[in-house]
Amino acid sequence: MSRSGPVMARKGAQNGNFKHGLNNHELMGTYRNMISRCENPNHPNYFQYGGRGIALCQRGRASFADFIQDMGGRPTPKHSVERIDVNGNYEPG
């Protein structure tokens, strides 16, 4: 049995980064809030997003790593995630 396999698995499980190692990424909170606005009817802004049919694209919803790959990093802390079409989904442009 390889020593690195089980050790890495335990370390990943302990710090919450088991799947992709990106839980501490600067956009993780933004990502989770986007999903909540679009999918959680109890979110205060759901009516402006999910209630209007706005969703996160399938690839981005399936994987935070893919979302980051499509989005890239935040150029500066002043930048935010916006939709090109105010009535459209969160999706690559």
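Would the stretch 45-93 count as rounded, prolate or oblate if I go by the C-alpha gyration tensor, calling it rounded below 1.5 in a/c and otherwise prolate when a/b exceeds b/c, oblate otherwise?
In terms of gyration-tensor shape, oblate.
Could you compute the net charge surrounding Leu56? Neighbours are other residues with a C-beta less than 15 Å from the C-beta of Leu56; K and R count +1, D and E count -1.
0
Per residue, how many Å² of accessible area does the stretch 35-93 show with a 1.4 Å probe?
69
The values are calculated or read from the model by the stated rules, or taken from the named source; none is laboratory data. Values in this document were obtained by computation on a predicted structure and should not be read as measured data. Glycine gets a Cβ as well: all are built from the backbone with ideal geometry, and neighbour counts include every protein chain shown. Side chains are part of the model used for accessible areas, which takes the heavy atoms of the whole protein and leaves out ligands, DNA and RNA. Shrake-Rupley method; radii C 1.70, N 1.55, O 1.52, S 1.80 Å.
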